[in-house]
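Laboratory data are not the source of any read-out in this text; all were calculated from the coordinates shown. Small disclaimer: the values here were computed from a predicted structure and weren't measured. Cβ placement follows ideal geometry from the backbone for every residue including glycine, while neighbour counts extend to all protein chains displayed.
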Amino acid sequence: MSLRSHKRTVDLQIITDWVTPDSRVLDLGCGRGVLLEELAHSRGTRGIGVDLQVDKIAACVKRGLSAYQGDMMGFMAAFDAGHFDHVICSRTLEEVDHPHTVIAEALRVGRCLTVGFANYGYWKNRRDSVLRGRKPRNEVHPTAWGESRPANPLTIADFEAFCGEHGYRITRHMHLRGDWKTPCTFLPNLRAGYALYELTH
């Protein structure tokens, strides 16, 4: 298994463990539906995904999943408050415009929100920025600038400060070391490569 595939497996398992069986799930930026498929099989969830890319929605449909191609904000606006038990935003938040509005809307339509993101405060990213004066590029962020998607990278400190400022309650979290496998319990903003949070109002 490649390092990239292993990383996907670890955070997928954590999210799966956090989702209540038989719940209604919305996956924002669902990609090819790997997480939704796992949740349906292992937790019996009723899920739907939303993504901008047509090929990824097509992949979801091939998996037998419900998915919508389009803007996530417009999609969520069609649902009543609390319609979903669980909203998931995994590896998506740093790519959206106005993430604060996405989080607010996700917590309107969902009873809780899981957020997962790569931590740009990780020490190897800081090293690359300071010593090389260039975009971080390592096992956490392997792509060159011209191949990269994230437009608004964030750190663990950024996210926790944001939650405090907006009154969002962090009900549980998991910080993983640079291998995205080993839990990180000390100085996570410096030593963790990936972070997962569950939020409620």
Exercise for the section: Report, in cubic angstrom per residue, the convex hull volume of the C-alpha atoms of segment 126-192. Expected result: 118 Å³
Practice task
Determine, for the chain, the count of lysine pairs separated by eight or more sequence positions (or lying on different chains) whose alpha-carbon distance falls under 28 Å.
Solution key: 10
Practice task
Report the calculated FRET efficiency for Val130 and Asp17 (r = Cβ-Cβ distance, R0 = 41 Å), to the nearest 0.05.
Solution key: 0.70
Handout entry: Chain lengthening between Thr182 and Asp97 when straightened (0.36 nm per residue, less Cα-Cα)
Key = 27.5 nm
Handout entry: Computed [θ] at 222 nm, helices only, for the chain once each DSSP H run of length n ≥ 4 contributes -39500 (n - 2.57)
Key = -10000 deg cm²/dmol
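What size of dipole, in debye to the nearest 20, comes out for segment 32-190 about its Cα centre when the only charges are +1 on Lys and Arg C-beta atoms and -1 on Asp and Glu C-beta atoms?
Roughly 560 debye for segment 32-190.
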Completion exercise
Whole-number value, in Å³ per residue, for the convex hull of the alpha carbons of the chain is 122 Å³
Handout entry: Tilt relative to the chain, helix 3-18 - C-alpha long axis, 0 to 90 degrees, to 10
Key = 50 degrees
